[in-house]
Every structure is written in C-alpha cells, then in structure tokens.
C-alpha cells in the first residue's frame with residue numbers, strides 16, 4: 001500500500017504543480033511535502049535496519065517526488081533537508097531493529113498515506 005500511495009501522490013503532484021514549478025514560488029502544500037520528505041528519509045533508514053531488503057526503495061520514492069515536483073533553489077534544498085533530517089534522526093536513535101522501530105515504521109507509513117490522501121483531495125484537479 002505504501003508504494004501505491006506514493007505513486008498516486010507523485011502523479012497528482014506532477015499534474016497539479018505545473019504553475020508553481022514555472023515560478024518556483026512556495027506552493028501552499030510545501031509544508032506537507034517537507035513532512036513527506038522527512039517520512040521518506042525515516043523509512044529509508046528504518047526499513048534498512050529492519051531487514052526488509054528494499055535497498056534504495058524509499059530514497060527512490062523521494063527522488064520520484066523531487067522529479068515530479070521539480071523544485072529548484074530553496075524549495076529543493078528544503079525537501080532534501082527534510083529527507084536527511086528524517087534519516088539522521090532515526091540513525092542517531094536506532095542501531096538495530098527494535099519493536100519501537102517497527103512501530104515507528106507503521107506510524108510513518110500511516111502518516112505518509114494520510115498526507116498523500118489529504119493532498120490529493122485538496123489539490124487534485
């Protein structure tokens with residue numbers, strides 16, 4: 001389900017954000033995108049230590065989000081910083097997969113799904 005929500009989200013953003021890309025101004029959903037980027041960073045780290053053998057799946061999802069939104073300048077920097085913040089935050093806390101890490105994964109997938117649904121409902125044409 002998590003890949004599904006991200007694919008749908010990326011496709012909708014590609015369609016909905018064309019005017020924002022042209023001007024590279026802050027979009028009304030930038031805070032949500034930054035949070036989603038942070039979630040993807042956290043999932044990239046946590047799923048790696050929990051032995052899911054997903055490789056760079058979550059990093060690739062982040063790249064797909066950036067490719068769809070095509071931010072430049074400060075917007076791009078903020079999105080990448082969000083991903084890194086999510087990754088580094090869990091890297092400092094967890095060295096191995098624990099029950100708490102598993103709970104964090106579940107909650108992040110749920111939160112990312114909710115953000116995706118909300119953005120889709122609010123900004124899809």
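Yes or no: segment 60-79 includes at least one residue that is touching a helix residue (DSSP H, G or I) at 6+ places or on another chain (Cβ under 7 Å), over 16 Å from residue 30 (Cβ atoms) and surrounded by fewer than 14 Cβ atoms within 10 Å (Cβ to Cβ).
No, the conditions are met nowhere in segment 60-79.
Scan 6, 33 and give me the residue that is surrounded by 18 or more Cβ atoms within 10 Å (Cβ to Cβ), at pLDDT below 85 and either closer than 16 Å to residue 83 by Cα or in contact with a strand residue (DSSP E or B) (Cβ under 6 Å, 6 or more places away or on another chain) (or both).
6
Helices (runs of 4 or more DSSP H) wholly in segment 29-125 with at least 2 residues that are in contact (Cβ under 8 Å) with a residue 60 or more places away in the chain - which ones?
So the answer is 30-49, 99-123.
The values are calculated or read from the model by the stated rules, or taken from the named source; none is laboratory data. None of the values given here were measured: they were computed from a predicted structure. Neighbour counts run over all protein chains shown; Cβ positions are idealised from the backbone, glycine included.
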